[in-house]
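*Asks:* Below you will find the structure I want to go over with you.
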Amino acid sequence: MLTDENVTDALADVLVPGIQRNLVDMNLLQGVALAGNNLNISVASTALDENAQNWIREKCTGVIKDLDSSLQTKITFIDKRPTEINRVRNVIAVMSGKGGVGKSLVSALIAMLLRSRGFNVGILDADITGPSIPRMFGIATRPRGSESGILPVPSAAGIEIISINLFLPEEEDAVIWRGPLIGRAITQFWEDVLWGNLDFLVVDLPPGTADAPLTALQVLPVNGIIVVFTPQDLTTMIVKKAVRMAGQMDKKVLGVVENMSYLYVPELKKNMEVFGKSRGAEMAKAAGAPLLARIPLDPELVALCDEGHIERYSSDVLKSLGEELIKVLPGSA
């Protein structure tokens, strides 16, 4: 005998246009009611324009017909905001005390590692004035949506991304905004984007400890921070500022990552510490959190980022970072 659960399982085959996930994963399926030969299906219209709604209605009708051709199916779209739909289990912020240390790179690598383990993962690029996430993933597609919400843009591997650069006419266009506007944009990326059911949302925070990162940490339910730094002498002071900000915001530092830690010279079979001696252990102690990785200057990684193919990157260091992440991230084991 056909049940509501059977219908729900069947509707999991219906993908949301523009996203590589289905109605159930995106939490758009709001109700299934089967009474005799009558079947009523409720779908949230969140971020779906008229064409997308028509496409979903057609696909749902086809799926149900294949399931039981005798059913009289009615599909109703109901209005809901993204905040009523989204179920994000973990929000992980990647933070740095200053710019230029590779915070966005680390954000991208963390998202890749989590996605490779089968998690539903998104990246919220909160670095409004210096967005680089779309370029690394080779994404130039403008986000789809409607008056009720915005759909993130999926990467090749299915990481869902939202960034201000995806809304600009040209990626080189400067975002010359004051603090309140930047804060509003970050808030909208959280409240107006349809993330659906998400295991992890990685937030690429703006550098520093001023208005923008403050807004992100206040508005988003961040349950863990990863601090990124480089080996220069100035690092100690900068990292401590970031860690103290996290503490004052009552956010837990899960770990630290040293980027540009060294350059491996294959001819010499030696690591060259280009920017000075590693401060990984020292920074881990200052943060009261483990050192998750020392990421080297890797020409291959640089090239893949420039080409928009970061998801093709693989290395022993990346594998090690993944193993350490699983130890500290909530809900990843």
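The values are calculated or read from the model by the stated rules, or taken from the named source; none is laboratory data. Predicted, not measured: the structure shown is a model, and the values here were computed from it. Ideal geometry is used to build each Cβ from the backbone, glycine not excepted, and the neighbour counts take in all protein chains shown.
*Asks:* Looking only at region 180-222, count every residue that is of a type in the set (S, T, N, Q) and surrounded by fewer than 17 Cβ atoms within 10 Å (Cβ to Cβ) and tell me the total.
*Replies:* Qualifying residue count, region 180-222: 4.
*Asks:* While we're looking at this one, here's another question. Scanning region 212-269 for residues that are touching a Pro at 6+ places or on another chain (Cβ under 7 Å) and of a type in the set (S, T, N, Q), which turns out nearest to Leu318 (Cα to Cα)?
*Replies:* Ser261
*Asks:* Still on this structure, I have one more. I need a count of the residues in region 102-147 that are modelled with pLDDT of 95 or more, of a type in the set (Gly, Ala, Ser) and touching a Ser or Thr at 6+ places or on another chain (Cβ under 6 Å).
*Replies:* Within region 102-147, residues that are modelled with pLDDT of 95 or more, of a type in the set (Gly, Ala, Ser) and touching a Ser or Thr at 6+ places or on another chain (Cβ under 6 Å) number 1.
*Asks:* Follow-up. Do the conditions hold for Ile128, that is, is it assigned by TED's automatic domain parsing to the domain that holds Leu201, crowded, with 20+ Cβ neighbours inside 10 Å and closer than 25 Å to Gly322 by Cβ? Show your work before the answer.
*Replies:* Working: assigned by TED's automatic domain parsing to the domain that holds Leu201: yes; crowded, with 20+ Cβ neighbours inside 10 Å: yes; closer than 25 Å to Gly322 by Cβ: no.
It is false that Ile128 is assigned by TED's automatic domain parsing to the domain that holds Leu201, crowded, with 20+ Cβ neighbours inside 10 Å and closer than 25 Å to Gly322 by Cβ.
*Asks:* Regarding Ser148, is this residue under 14 Å from the mean Cα position of the chain (by Cα) and under 27 Å from Ser45 (Cα atoms)?
*Replies:* Details: under 14 Å from the mean Cα position of the chain (by Cα): no; under 27 Å from Ser45 (Cα atoms): yes.
Criteria not met by Ser148.
*Asks:* Output the number of residues of region 89-122 satisfying the condition of being assigned to a strand (DSSP E or B) and more than 13 Å from Asp199 (Cβ to Cβ). Steps first, please.
*Replies:* Just the residues of region 89-122 that are assigned to a strand (DSSP E or B), to begin with: 89-95, 121-122.
Subsequent filtering for residues that are more than 13 Å from Asp199 (Cβ to Cβ) retains 93-95.
Qualifying residue count for the region: 3.
*Asks:* If you go through region 18-36 one residue at a time, do you hit one that is of a type in the set (Val, Ile, Thr) and part of a strand (DSSP E or B)?
*Replies:* Step one: list which residues in region 18-36 are of a type in the set (Val, Ile, Thr), which gives 19, 24, 32.
Keeping just the survivors that are part of a strand (DSSP E or B) gives 32.
Yes, the conditions are met somewhere in region 18-36.
*Asks:* Scanning for something at pLDDT 90 or above, crowded, with 20+ Cβ neighbours inside 10 Å, of a type outside the set (S, T, N, Q) and assigned to a helix (DSSP H, G or I), does region 159-172 turn up at least one residue?
*Replies:* Yes, region 159-172 contains at least one residue that is at pLDDT 90 or above, crowded, with 20+ Cβ neighbours inside 10 Å, of a type outside the set (S, T, N, Q) and assigned to a helix (DSSP H, G or I).
*Asks:* Determine if region 64-81 includes at least one residue that is under 27 Å from Ala156 (Cβ atoms) and in contact (Cβ under 8 Å) with a residue 24 or more places away in the chain. Even if it seems obvious, please write down each step before you answer.
*Replies:* So in region 64-81, the residues under 27 Å from Ala156 (Cβ atoms) come out as none.
No, region 64-81 contains no residue that is under 27 Å from Ala156 (Cβ atoms) and in contact (Cβ under 8 Å) with a residue 24 or more places away in the chain.
*Asks:* Out of the residues in region 44-82 that are touching a Phe, Trp or Tyr at 6+ places or on another chain (Cβ under 8 Å) and in a loop (DSSP other than H, G, I, E, B), state the one that is surrounded by the fewest Cβ atoms within 10 Å (Cβ to Cβ).
*Replies:* Ser45
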